[in-house]
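The values are calculated or read from the model by the stated rules, or taken from the named source; none is laboratory data. Note that the coordinates shown come from a computational prediction; the quantities given were computed from them, not determined experimentally. Cβ: placed from backbone, ideal geometry, glycine included. Neighbour counts: every protein chain shown.
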C-alpha cells in the first residue's frame, strides 16, 4: 500500500507542476505545446487517480473475499461443533441410560477409584487373567487396595471371590500364543504369572485360618473376556482382546457402572454380576482342584500339566472332531478318502464301506481309478477265527430270549454260520475279491485273528478311531434304534474320534516348551496319529493274505 501511495503521489506532483507552469504564464511555449502540456498534466492526474482507484477496488475485493471465507469457515466450524456436540449429547444420554458413571482411559487411570470403591463394598468379586496388578505389585493403588482387602477379610469385615484363568485351557493357550508369537516375551509368561498368583493366594488362604472361606478362588476355563471388579453397588469392566504386542499408548478404556434400582429393566451392573456368577458356577473349578497337595513334597505345588478338562489334552493330541452321530462321521471319512493317496482301514465286517452307500461308492471309485498310486489296505476279522465266533455269540445272546440255554460250543456248531456277523463278513470278502478280479487290484485285503479292539481309517491328513466293546444298552436316552433294524449288533455306539496328522502350531509350541523345561514327572504320551500308523503297520504284517 505504501508503494502505491508513493507512485500515485509522484504522478500527482508531476501533473501539478506541469499544469501550474503552463497556466501561470511562467512558460511561453507555442499554443500547440501549451495544449500538449495541458493534456499531459491532465493525463498524469488521470493515471494517478485510476491507479489509486484500481488498488482501492482490489482491496475491497480482497476484503470481501476474506470476509466471505471467514464467514464460511465460521459456519463450517459451528456446524462441526454442533455435530460433535450432538454426538456427545447422544453419548451422554446412552451413559445416563446405562447408569455409566465414568470412562477411564486405562485400568491404571482407574486405580484410585477402584481402590475407594472396594473399600465401600462388603463383597468384592474380581475376575482377570492373573490379577497380578493386585497381588504382586509392590506399590500403587491396586497394591494398596489388595492389602486393605486382605486386612478387612482377616478382621471378618469383608469377603471376596476371585476368578483367575486356567493357564492350560484353550483360551489361555491362545492368549499366551498371541502375546508372544511376534515379540521377545518369555513364551510361558502367562502360565508363570497365574502360577505365582495361585501360590500366593493359597498361602494367604492358609494364613487366614477360620476366615479362609471369605477369600474364595476359582480358575475359569474359557477365553478371557473381561477384567471385572464387581462390588455391592458399582462395577468396573474392561474388555480383553488378543493382541500380538503391547501398545503402551493405546490401552483399552475401562467403564464404571453404577447399580440401578430394581424398578429399572436394564442394569449393566446386574448383568455383569450374572456374567460373573455364570462363569463361577459353570465354567470354573476350585483353585484347590488345580493346585492339589503333593504328598511327596512338603508344601503344595501347582501342577505343571493339566489334570482335568478336555481342551488342552484334546488339542495337544491333535483331536479334530469327536463324532457321536453316524452321518457326520461318514461325511468326514468321505472327504478324507477322496483327498488321500493312502487309505488304510481296519474293522470287523466293514459292511458300511461295501454296501452301495455314498461312503462305499467313494472308496470304490478310489480303488477303481487309482490314478495317483493310492495305497489301499483293508483288514477284516477272519471269519473262522475264535474271536469272530465269540463276538457273534455275544450278538446271538442279545437277540434271543432263551439264549441262556445255548452254550458257546452249541452256538459255534449250529448257529455261527447263519449269524449276521458271519454273513456280513462273507459278503464283504466276496465284494472285495470281485473288485480285485475286475480291476486287477491284488493285495487289497488281509484278515486278522486277534480280538477286535477298534475300527480305524487312516488317510493322509486324519485318522478316525472307534473303540470296540462287548457292551450294548437295551435302551439309550439319546439314541433311537431304527425301526428297520431287526437284529441287535455290537459296534457304532462309542464316539468316533478324528485325530489330525499335524498338531496345531500353538500346541506344538506349548509341548516343546514343556519338554524343554524338563519339569514334568512323567513322559508325555506320544501323538495318536503316528501311533495308529504304527499299529496298522504291525497288524498288516501279522495278518493273513487272502488266497
Check: Does region 406-427 hold any residues that are part of a helix (DSSP H, G or I) and in contact (Cβ under 8 Å) with a residue 12 or more places away in the chain, and which are they?
Finding: 408, 411, 412, 416, 420, 421, 422, 424, 425, 426, 427
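Given the condition part of a strand (DSSP E or B), without any contact (Cβ under 8 Å) to a residue 40 or more places away in the chain and either in the same structural domain as residue 458 (by TED's automatic domain parsing) or surrounded by 19 or more Cβ atoms within 10 Å (Cβ to Cβ) (or both), answer yes or no: does some residue in region 375-385 qualify?
Taking region 375-385 and keeping what is part of a strand (DSSP E or B), we get 375-381.
Filter once more, so that each one left must be without any contact (Cβ under 8 Å) to a residue 40 or more places away in the chain: 375.
Narrowing the set further to residues that are either in the same structural domain as residue 458 (by TED's automatic domain parsing) or surrounded by 19 or more Cβ atoms within 10 Å (Cβ to Cβ) (or both) leaves 375.
Yes, that holds for at least one residue.
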Item checked: Single match in 203, 183 (criterion: farther than 20 Å from residue 276 by Cβ and modelled with pLDDT under 85) -> 183
Check: Among (1) more than 26 Å from residue 360 (Cβ to Cβ); (2) without any contact (Cβ under 8 Å) to a residue 24 or more places away in the chain, which single condition is residue 430 missing?
Finding: (1)
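Being surrounded by 15 or more Cβ atoms within 10 Å (Cβ to Cβ), touching a helix residue (DSSP H, G or I) at 6+ places or on another chain (Cβ under 8 Å), more than 14 Å from residue 99 (Cβ to Cβ) and at pLDDT 80 or above narrows it down to one residue among 275, 315, 256; which is it? Full working, then the answer.
Values: 275 fails: touching a helix residue (DSSP H, G or I) at 6+ places or on another chain (Cβ under 8 Å); 256 fails: more than 14 Å from residue 99 (Cβ to Cβ).
Going through 275, 315, 256 in turn, just one is surrounded by 15 or more Cβ atoms within 10 Å (Cβ to Cβ), touching a helix residue (DSSP H, G or I) at 6+ places or on another chain (Cβ under 8 Å), more than 14 Å from residue 99 (Cβ to Cβ) and at pLDDT 80 or above: 315.
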Notebook entry, point to check: Any chance region 170-177 includes a residue that's farther than 20 Å from residue 310 by Cβ, touching a strand residue (DSSP E or B) at 6+ places or on another chain (Cβ under 7 Å), modelled with pLDDT of 85 or more and not in a strand (DSSP E or B)?
Noted result: no
Next item on the list: Could you check how many residues of region 412-428 are farther than 24 Å from residue 544 by Cβ and surrounded by 15 or more Cβ atoms within 10 Å (Cβ to Cβ)?
Entry: 1
Notebook entry, point to check: When region 327-363 is examined, which residues are found to be over 21 Å from residue 540 (Cα atoms) and over 39 Å from the mean Cα position of the chain (by Cα)?
Noted result: 355, 356
Note to self: Looking at (1) under 23 Å from residue 340 (Cα atoms); (2) touching a helix residue (DSSP H, G or I) at 6+ places or on another chain (Cβ under 7 Å); (3) modelled with pLDDT under 90, which one does residue 505 not meet, given that it meets all the others?
What the structure shows: (2)
Margin query: Would you confirm whether or not region 152-173 contains a residue that is surrounded by fewer than 19 Cβ atoms within 10 Å (Cβ to Cβ), within 27 Å of residue 233 (Cβ to Cβ) and under 28 Å from the mean Cα position of the chain (by Cα)?
Written below: yes
Margin query: For the list (1) surrounded by fewer than 16 Cβ atoms within 10 Å (Cβ to Cβ); (2) farther than 17 Å from residue 274 by Cα; (3) modelled with pLDDT of 90 or more, I need the number of the one condition that residue 242 fails.
Written below: (3)
Notebook entry, point to check: Given 133, 148, 138, 112, which one is within 24 Å of residue 204 (Cβ to Cβ), in the same structural domain as residue 269 (by TED's automatic domain parsing), at pLDDT below 90 and part of a helix (DSSP H, G or I)?
Noted result: 133
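Restricting attention to region 339-352, and to residues there that are in contact (Cβ under 8 Å) with a residue 40 or more places away in the chain and not in a loop (DSSP other than H, G, I, E, B), which single residue is surrounded by the most Cβ atoms within 10 Å (Cβ to Cβ)? Please lay out each step first, then the result.
So the first thing to find is which residues in region 339-352 are in contact (Cβ under 8 Å) with a residue 40 or more places away in the chain, and the list is 339-351.
Among the residues that remain, those that are also not in a loop (DSSP other than H, G, I, E, B) are: 339, 342-346, 351.
Working: 339: 11, 342: 13, 343: 23, 344: 22, 345: 21, 346: 26, 351: 19.
Applying the filter and picking the extreme gives 346.
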